[in-house]
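Quick notes on the structure that follows.
Just so it is clear, none of the values below were taken in a lab; they were calculated from the coordinates. Small disclaimer: the values here were computed from a predicted structure and weren't measured. Note that we place each Cβ from the backbone using ideal geometry, even for glycine, and neighbour counts take in every protein chain shown.
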Amino acid sequence: MNKKIKKILFILIPVVIICIVIIAAYTFRKPATSVGNSKADLSITAIELFTNFENDEENANQIYLGKIIEVTGIVTEVIINQDKTTSIKLDSDNMFGAIICNFNTEEIKNIEEHESITIKGSCSGFLMDVILEKCTIVEV
């Protein structure tokens, strides 16, 4: 290799590395989007949401995945997780699945089973249940 190429590489490689580090730092340190302050992309009942995923998961993923959804349904279970966060299960009218709404905080108080509730969260997909993350309570 001649000296000119070595000199260019000696300058270019550190510049590229610095750019990669800056981009990575910006991407990973971006503040999380607050679902509570965001407007819902759509509103739907828990039964309709579950049925849409159960009938055509691929199409439902295109419609709901990553979107902020406002879901109204009946509480079937309130779960206190090991990390002290709370999850609420909403009835899906299916004995094998539900809508699971995960909350990042301990804000859940006085929510009881069989109660009608509206929850806003970010849809992260469908396993046996439809999962909503970063949830907030809209109305009880």
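A few points about this structure:
- Loop-located trypsin sites (Lys or Arg not before Pro) across the stretch 60-140 with a Cβ neighbour count of 16 or fewer within 10 Å are K67, K84, K109, with loop assigned by DSSP.
- Among 71-79, 36-44, the peptide with the highest mean count of other Cβ atoms within 10 Å heads the list, and the full ranking is 71-79, 36-44.
- For the chain, the Rg and Dmax computed from alpha carbons only, in angstrom: 21.9, 77
- Model label points for I23 and E54, set 7 angstrom from Cα along the Cα-to-Cβ axis, are 4.4 nm apart.
- Within the stretch 42-139, percent of DSSP bridges classed antiparallel, to nearest 5: 80 percent
- On Cα atoms only, tilt of 46-55 relative to the major axis of the chain in degrees: 60 degrees
- For chymotrypsin sites (Phe, Trp or Tyr not before Pro), the sites in the stretch 32-110 that DSSP calls loop and that have at most 12 other Cβ atoms within 10 Å are F96.
- Prolate/oblate/rounded label for the stretch 72-140 (Cα gyration tensor, a/c 1.5): rounded
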